[in-house]
Amino acid sequence: MRFKNRQQSSLMPGVDLIPMLNVMMAVLAFFVMISATMTTEQGVNVQLPSGEAESVNQPDQPEPLLIDLNPQGQILLGNQPINQEQLAEQMKAYLGENTKGAVLLKANPKAPYEKVVQLLGEMQDLGGNRVSLAIEAD
């Protein structure tokens with residue numbers, strides 16, 4: 001009987017690192033893409049009305065300041081076009097005079113969504129929780 005040379009079998013087996021590196025790079029790329037998509041989300045906190053039927057205007061509350069946004073993205077106050085600086089002045093004056101007053105943004109359904117969210121965010125920066133998005137009941 002012949003025995004194999006023990007020196008040949010005692011060699012250390014080689015480890016191929018290429019497949020392991022491929023898997024690690026794929027996992028790394030997955031986490032980079034997921035973290036990049038999660039950080040680009042923006043939003044505006046909007047307080048939705050409750051399901052209960054209650055009157056928008058209480059007897060002691062003044063008439064709300066109604067701001068319109070047309071399909072072209074133009075801001076209207078009482079059917080008169082205004083810019084954002086004039087809107088800020090009007091809002092400050094209204095909210096200063098009416099401590100319980102509210103400002104409503106009535107956006108046209110065909111208005112650009114980005115413009116609606118941006119304008120609502122800027123209005124909430126000025127008026128806080130006294131600013132909301134007007135909705136129409138069906």
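Quick note: the coordinates plus some simple rules give every number you see, no bench work behind them. Here the structure is a predicted model, which is why all the values come from computation and not from measurement. Quick reminder, even Gly has a Cβ in these numbers, built from the backbone with ideal geometry, and neighbours come from all protein chains shown.
Output ³J(HN,Hα) for the range 114-131: one whole-Hz value per residue in order, computed from phi by the Karplus curve 6.51 cos²θ - 1.76 cosθ + 1.60 with θ = phi - 60°, and x for Gly and Pro.
Each residue of the range 114-131 in turn: 4, 5, 4, 5, 5, 5, 4, x, 5, 5, 5, 5, 7, x, x, 7, 8, 10 Hz.
Equivalent ellipsoid semi-axes for the range 65-133, as square roots of 5 times the alpha carbon gyration tensor eigenvalues: give them largest first, rounded to whole Å.
With the √(5λ) rule applied to the range 65-133, the semi-axes are 19, 12, 10 Å.
How many nm separate the modelled label positions at Met20 and Ser50, each set 7 Å beyond the Cα in the direction of the Cβ?
If labels sit at Met20 and Ser50, their model points lie 6.1 nm apart.
Read phi for every residue in the range 27-35 and hand back ³J(HN,Hα) as whole Hz from Karplus 6.51 cos²θ - 1.76 cosθ + 1.60, θ = phi - 60°, with x for Gly and Pro.
5, 4, 4, 4, 5, 5, 5, 5, 5
Ordered by residue, what ³J(HN,Hα) values in Hz, to whole numbers, does the range 67-78 give under the Karplus form 6.51 cos²θ - 1.76 cosθ + 1.60, where θ = phi - 60° and Gly and Pro are x?
Karplus-based 3J(HN,Hα) across the range 67-78 equals 10, 9, 10, 7, x, 7, x, 8, 8, 10, 10, x Hz.
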